[in-house]
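In what follows, a single structure is set out as structure tokens and then discussed.
The numbers here are math on the coordinates, done by the rules we state, and not lab data. Please read these numbers as outputs of a predicted model, since none were measured by experiment. Every residue, glycine among them, receives a Cβ derived from its backbone with ideal geometry; neighbour counts consider all protein chains shown.
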Amino acid sequence: MKMINDVVNWLISSGALTALFIFAWKYIKPWLDNKAAHASTEQSRATWQLLKGFADTAVTSLVGNQNLNGQEKFSEATQTVKSLANQQGIQVSNRAAQSLVQAAYENSPFTPTVQAGENEAPNTIVDGFKNKEEK
């Protein structure tokens, strides 16, 4: 027992224990910082997914409402996203809510889409080159 006590006293009095602690801390601190950053990133990703779900739900619920025009639907969906987020304790800026609603509108299968170039002729000559079918 006395030998164990002598070893502990030597570690404390010589500063070896302090040096060991500092050495270990230099290796552990970056690892802990990395873990904290990863957890923060995962939490932000989960929050953004939740907000995207709120926006999808808000847009889908307003698609069939014929009493509102497009701007009114957009404003109401934005307010819905903000209020649902506030109920969950998430602070959302107006700009972020508008971006979420716009993305939900563009990705919604219930909203009308217009294909670019629908009225163009299928076989057109561009800069002197013909389509493969015409050759």
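Tally time: how many residues in the range 98-114 are in contact with a Phe, Trp or Tyr (Cβ under 9 Å, 6 or more places away or on another chain) and over 13 Å from Thr57 (Cβ atoms)?
Total meeting the criteria: 3.
Filter the helices (runs of 4 or more DSSP H) completely within the range 1-117 down to those with at least 1 residues that are surrounded by 14 or more Cβ atoms within 10 Å (Cβ to Cβ), among the acidic types (Asp, Glu) and touching a residue at least 24 places away in the same chain (Cβ under 8 Å).
Details: elements: 2-14, 16-62, 70-87, 94-107.
Here the list reads 16-62.
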